[in-house]
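The numbers here are math on the coordinates, done by the rules we state, and not lab data. Predicted model only: the values in this text are computed from it and were never measured. FYI the Cβ positions are ideal-geometry reconstructions off the backbone, even for glycines, and counts take in every protein chain you see.
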Amino acid sequence: MRFVNIILVGIFLVGGLAGGFAFAADSTKGFFAYISGDYKTALREFKPLAKQGNPEAQYYLGRMHHKGYGTPLDLQKAIKWYSLAAKQGDASAQYYLGRMHHDGYGTPRDFQKAFKWYSLATEQGDAAAQYYLGIMHVRGLGTPKSYEKAFKLYSLAAEQGVVHAQSDLGNMHLKGQGTPQNYKKAFKWFSLAAEKEHVGAQFNLGNMHAKGQGTPQNYKKAFKWYSIATEQEHVGAQFNLGNMHYNGLGTPQNYKKAFKWFSLAAKRGAATARYNLGLMHSNGEGTPQNYKKAFKWYSLAAKQGFPNAQNSLGRMHRRGQGTPQDKASAYIWFNLAATNGYEGAQETRDAVAETLRPSQLEYAQELTGLCYESQYQKCP
């Protein structure tokens, strides 16, 4: 777009004042130097024009200071030149000025100012500004939260090919945020973003194939998209791929491969993957049976508040598997699992309570409260 503007200015001024033509020619020279990576020449050409008030030159000078192209990175100078260009209506400068206020980059974070500059750039059809203005409406930053306004802005940006907007628009259709829930439209936007390697869209596309949302259920296609998303180390895709190998969905059942993918997701903190890894160590699925390792993974998941793991940890304390038998600790974990809604944990907890002395039970109840209140930081 900037290339077209420069050429049009040059054509117009050929039939006008000779001085104007020279001005446009200098700007064009700076532009071509910039896009070819010859930043020293671009800097030399843009600087006098920027000082004369040329908004295009001011924008590029701001960009060069912003990124350290041909000059030391200087955020204050970047803001100065962006501001001058933005006040003259340069949409790109308005967008980047909004981003710097949004992120607190080179200036104190100010969502109101970010909202102002995004809005001005959006009025000129700047796709990136439309997307970020949508984010501000979703999160209520600098403006009241509004999914409806965010949806309109994401739609504008998505139609212009902004991949993150396409993915977020898919999410809004999926969840019915700012628009009626529509799986087919969600599938459409996720598909467009997924083809452009947006990892979140690839993961969501896998989910929609797996669940038959907006498209016929197809585990093989789900498996394909989860596999693609794992190439970018998407933890949810790693877990789901493990689940598909474990259950033989879209691929032959293979516990070793399931164990591999659960391990990757577990190491990155996924509580459900940690629980499943504990289960596989406990049952000897895809790996030799090892109660100590099962206990380790159940413990990690339990301390993330996962009730299934809390119940399993209680069972291992009760039976002395992977850890010395400790009925008081078993009571604590069954109690926590029951508190978090695990079905059947309350009955097991009460059965264990009957085997404890009154002093042991009182102590276990105190520890349960301490464990819960500390968000599982102070647990046995």
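With one equal scatterer per alpha carbon and no solvent term, the Debye-computed log10 I(q)/I(0) for the stretch 25-110 at 0.13 1/Å reads -0.36. Packing around the peptides 204-212, 40-48, 341-349, taken as the average count of other Cβ atoms within 10 Å per residue, puts them in this order, highest first: 204-212, 40-48, 341-349.
Computed on the stretch 125-217, the Cα convex hull volume stands at 78 Å³ per residue. Peptide packing for 119-131, 85-97, 216-228 was compared via the average number of neighbouring C-beta atoms within 10 Å per residue; ordered from the highest value, the list is 85-97, 119-131, 216-228.
Multiplying each eigenvalue of the alpha-carbon gyration tensor of the chain by 5 and taking the square root yields semi-axes of 58, 24, 20 Å, largest first, rounded to whole angstroms. Averaged over residues, the count of other Cβ atoms within 10 Å places the peptides 143-149, 277-283 in the sequence 277-283, 143-149, highest first. On the principal axes of its alpha-carbon atoms, the stretch 307-380 has extents of 26, 23, 23 Å, going from largest to smallest. Measuring nothing but alpha carbons in the stretch 224-286 and taking Rh as the Kirkwood radius, the Rg to Rh ratio lands at 0.95. The Cβ shell under 12 Å around residue 234 holds other residues with a net charge of -2, Lys and Arg each +1, Asp and Glu each -1.
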